[in-house]
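**Student:** Dumping the structure here so I can ask a few things about it.
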Amino acid sequence: QVQLVESGGGLVQAGGSLRLSCAADGRTLTGYTMRWFRQAPGKEREFVAAISWSGGTTDYVDSVKGRFTISRDNAKNTVYLQMNGLRPEDTAVYYCNAERTMWSTKYNYWGQGTQVTVSS
């Protein structure tokens, strides 16, 4: 069982920055692809960013490219999302996700989320 805990959310003005953290409690994240998702009220949960276990491959939704950066520190068992140039439309609950497949069995875990609010 992987327990994920997000932190770093808060209230920020448009154009500001935040860094979200996602720490694993109970297991290491060895072999897991890490992703950030977000969900605004009344909307579907959407993909934001992903990073491979080695950190060599990253992916982003088009709307955050050039503004957000995902990274991980495997020694600290933590993944980060640096968010720059925040816009009101970035307001959402941000969720951390860990996924891996081992011998055809999928393992998928979610954190409880952290609120990000961007004021105009």
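**Student:** May I ask you to give the solvent-accessible area per residue for the range 46-85, in square angstrom, as obtained with a 1.4 angstrom probe? Don't skip to the end; give the middle numbers.
**Tutor:** Working: 1970 Å² over 40 residues.
Here the per-residue accessible area is 49 Å².
**Student:** Can I ask one more? Using only the alpha carbons of the chain, what is the convex hull's orientation-averaged projected area in square nanometres? Before the final figure, lay out each step's value.
**Tutor:** Details: hull surface 29.9 nm².
Seen from a random direction, the Cα hull of the chain projects 7.5 nm² on average.
**Student:** Could I ask something else about it? Within 10 Å of each candidate Cβ there may be at most 16 other Cβ atoms; applying that plus a DSSP loop requirement, which GluC sites (Glu not before Pro) in the range 1-62 survive? Present the calculation step by step, with values, prior to reporting the outcome.
**Tutor:** On the way: sites: Glu6, Glu44, Glu46; in loops: Glu44.
Sites meeting the loop and neighbour criteria: Glu44.
**Student:** Go ahead and run the numbers for FRET between Gln13 and Phe47, Cβ-Cβ distance against an R0 of 25 Å, rounding to 0.05. It would help to have the intermediate numbers written out before the result.
**Tutor:** Details: r = 26 Å, r/R0 = 1.03.
So the FRET efficiency works out to roughly 0.45.
**Student:** Classify the range 54-120: rounded, prolate or oblate, from the alpha-carbon gyration tensor (a ≥ b ≥ c, eigenvalue square roots; a/c under 1.5 rounded; otherwise prolate if a/b is larger than b/c)?
**Tutor:** Details: a/c = 2.15, a/b = 1.73, b/c = 1.24.
Prolate, because a/c is 1.5 or more and a/b exceeds b/c.
**Student:** Report the full-extension gain for the segment Lys76 to Lys106: residue separation times 0.36 nm, less the Cα-Cα distance, to one decimal in nm. Walk me through the numbers on the way to the answer.
**Tutor:** Values: separation 30, 0.36 × 30 = 10.80 nm, distance 2.38 nm.
Contour length minus the Cα-Cα distance gives 8.4 nm.
**Student:** Between Ser54 and Gln3, what is 0.36 nm times their sequence separation minus the Cα-Cα distance? Round to one decimal in nm.
**Tutor:** Separation in residues times 0.36 nm, less the Cα-Cα distance, equals 16.3 nm.
**Student:** So which lysines can Lys76 reach, going by Cα to Cα under 25 Å and dropping same-chain residues fewer than 8 places off?
**Tutor:** Once the sequence-local lysines are set aside, what remains near Lys76 is Lys106.
**Student:** Return the aspartates and glutamates within reach of Lys43: Cα separation strictly under 15 angstrom, same-chain partners fewer than 8 residues apart disregarded; answer none if there are no such residues.
**Tutor:** The reachable aspartates and glutamates, counting only those whose Cα sits under 15 Å from Lys43, are Glu89, Asp90.
**Student:** OK, next. Only Cα pairs within less than 10 Å get springs; with that Gaussian network setup on the chain, which residue of Val48, Val64, Val79 has the largest fluctuation?
**Tutor:** Val64
**Student:** Taking amide H atoms as placed 1.01 Å from N in the peptide plane, list the residues 5 or more away in sequence, or in a different chain, whose amide H sits under 5 Å from that of Phe68.
**Tutor:** Distant-sequence amide H within range of Phe68: Asn84.
**Student:** Using 7 Å Cα-to-Cβ label points, what is the Arg67/Glu99 separation (nm, one decimal)?
**Tutor:** In this crude spin-label approximation the distance works out to 2.3 nm.
**Student:** Quick one: putting +1 on the C-beta of Lys and Arg, -1 on the C-beta of Asp and Glu, what dipole do you get for the chain around its Cα centre, in Debye to the nearest 20? Working shown, then result.
**Tutor:** Details: 13 positive and 10 negative charges, 29 e Å.
It comes to approximately 140 debye.
The values are calculated or read from the model by the stated rules, or taken from the named source; none is laboratory data. All of these numbers come straight from a predicted model, not from anything done at the bench. FYI the Cβ positions are ideal-geometry reconstructions off the backbone, even for glycines, and counts take in every protein chain you see. To get the accessible areas, we keep the full protein, side chains included, count just its heavy atoms, and leave off ligands, DNA and RNA. Shrake-Rupley method; radii C 1.70, N 1.55, O 1.52, S 1.80 Å.
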